[in-house]
Amino acid sequence: MGRLSVKVRITIWYTIFLVIITAGFLAILTYSGNVRAGELARTRLADSVSDARDQIGMLGESFIIDDDLDFYEDGVYLSVYDASGELIEGRRPAELADLPDFGDNVMKKLEEGGETWYVYDNSFDMDGKTVWVRGIAKDFAEGGTFSFVIRFAAIAFPALVVLAALGGYLITRRAFKPVRNILQTVDEISADGDLSRRIETGDSPDSSRDEIYHLTSAFNGMFDNLQRAFEKEKRFTSDVSHELRTPLSVIISQSDYALEDEEYRKKSLEVINREAKRMAGLVNRLLTLARSDAGRLRPEREKVYMSDMCETVAWQQEGIAAEKGIAIETQIEEGVFVYGDETMLIRVILNLMDNAIKYGKKNGHVKLKLRIDNGQVCCEVEDDGIGIRPEDMPRIWERFYRVEGSRSEEGSGLGLAMVEAMVKAHGGQIDAESVYGEGSRFTVRLPLYEGNEEERQ
């Protein structure tokens, strides 16, 4: 069944379900009908025997039976016996070879030849003589209208199954028509690679938006994501090529220049060295982002003393900041620990500090803050530099994206993307706030190390 289409499988299961329901209904109908038919047969039999008593009399020593007494009516056989069991008058079914002994007001059940019979006896005294009236009737369930209905249902059952299967198939075919249209469109998109195409959802009002509509919307949403990812990848590839082409061109030209002019060889080698380091840094960032995309950016976790690490980074950046006349201020809470990768965390703080210094204004300030806030480690890097335009804020985490005003600065546009990836790898989050022309603040939140108080001293 696994190789059958969904439409066929639904039809089969629908038919099986309908067959089970119908069979169950017929079984209940048969059982209840049999019970009811038996009750009717026994009631009619007892009434016929009782009515027969009123049509029997005595004339002297002889029994007189009214001519109106019908010894076979409505399927009931009647017979009259004397006290010794001798038949006076009446009829009995030929199918019954042996009859039970008499029993006053006792309803007896007989099985003969696959058929069910009821025998009912009633005795009464007439002028000192005992008279037995016996009635015999077949169970109505074994014949008559009810039996006909049951037989008809049994004969019609196969036809019902066929009609149910056909009806189920037509219903599922109609129900799956929108799905076929979806599959056709998906196949066409796959064939021509046009990710701009979308599946028609129709002009259905909100009240009639069924599961098919939501399925179509989900597919269209998936195509939107694929198109954005494809365009992003094309842009990424183009940006990588551009970023690598520039230093490679410089390295090639400077090496050619060094080979031709020994006097400027040292200067050329310095340029080559700088550009090679720039390429190495770019490649490292790309590798970090690639690992993040593949889910393989896994920190080698250990207990990290964040307070000491932030102090060290601030001290290392003081010389670079001083060249631009920027003062570094720190507000670092003691005893703050995280469970993470120290190398990654240093790169996070260094990148944020480097950006703050790079885009800070001359004679300005860069603040590095560390504290515990609501059970989390909160690290802030704040500057009073050029800031970021509101329209640029949503894109600062994109790879190779550089805001206006930063184009003249060295950088690949990968720093913040890499920082975000490493923060998320630690189960943390990073947020940015900025006022254009006044400065920016980046806030990193990380899980607090769950150590004891002594370890945090």
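The values are calculated or read from the model by the stated rules, or taken from the named source; none is laboratory data. As the structure is a computational prediction, the values presented were derived from the model and not from experiment. FYI the Cβ positions are ideal-geometry reconstructions off the backbone, even for glycines, and counts take in every protein chain you see.
Structure summary
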quantity: Failed item, numbered, when Asp70 is tested on (1) out of contact with any helix residue (DSSP H, G or I) (no Cβ under 8 Å at 6 or more places or on another chain); (2) modelled with pLDDT of 80 or more; (3) within 19 Å of Arg44 (Cβ to Cβ); calculated: (2)
quantity: Filter result (surrounded by fewer than 19 Cβ atoms within 10 Å (Cβ to Cβ) and modelled with pLDDT of 90 or more) within segment 401-436; calculated: Lys424, Gly427, Gln429, Asp431, Ala432, Glu433, Val435, Tyr436
quantity: Of all residues in segment 1-30 being loosely packed, with under 11 Cβ neighbours inside 10 Å and outside any loop (DSSP other than H, G, I, E, B), the one that is modelled with the highest pLDDT; calculated: Ile20
quantity: Wholly enclosed strands (runs of 3 or more DSSP E) of segment 54-123 bearing at least 2 residues within 60 Å of the chain's Cα centre (by Cα) and either of a type in the set (S, T, N, Q) or surrounded by fewer than 13 Cβ atoms within 10 Å (Cβ to Cβ) (or both); calculated: 106-112
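Residue-wise test of (1) over 43 Å from the mean Cα position of the chain (by Cα); (2) at pLDDT 75 or above.
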residue: Thr201; (1), (2): no, no
residue: Leu215; (1), (2): no, yes
residue: Phe219; (1), (2): no, yes
residue: Ser241; (1), (2): no, no
residue: Ser255; (1), (2): yes, yes
residue: Lys266; (1), (2): yes, yes
residue: Ile272; (1), (2): yes, yes
residue: Asp293; (1), (2): no, no
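To keep it simple, each residue is scored yes or no on (1) within 19 Å of Ile430 (Cβ to Cβ); (2) out of contact with any strand residue (DSSP E or B) (no Cβ under 6 Å at 6 or more places or on another chain); (3) at pLDDT 95 or above.
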{"position": "Lys324", "(1), (2), (3)": "no, yes, no"}
{"position": "Gly335", "(1), (2), (3)": "no, yes, no"}
{"position": "Asp341", "(1), (2), (3)": "yes, yes, no"}
{"position": "Val348", "(1), (2), (3)": "yes, yes, no"}
{"position": "Asn351", "(1), (2), (3)": "yes, yes, no"}
{"position": "Asn355", "(1), (2), (3)": "yes, yes, no"}
{"position": "Asn363", "(1), (2), (3)": "no, yes, no"}
{"position": "Lys369", "(1), (2), (3)": "yes, no, yes"}
{"position": "Gly375", "(1), (2), (3)": "yes, yes, no"}
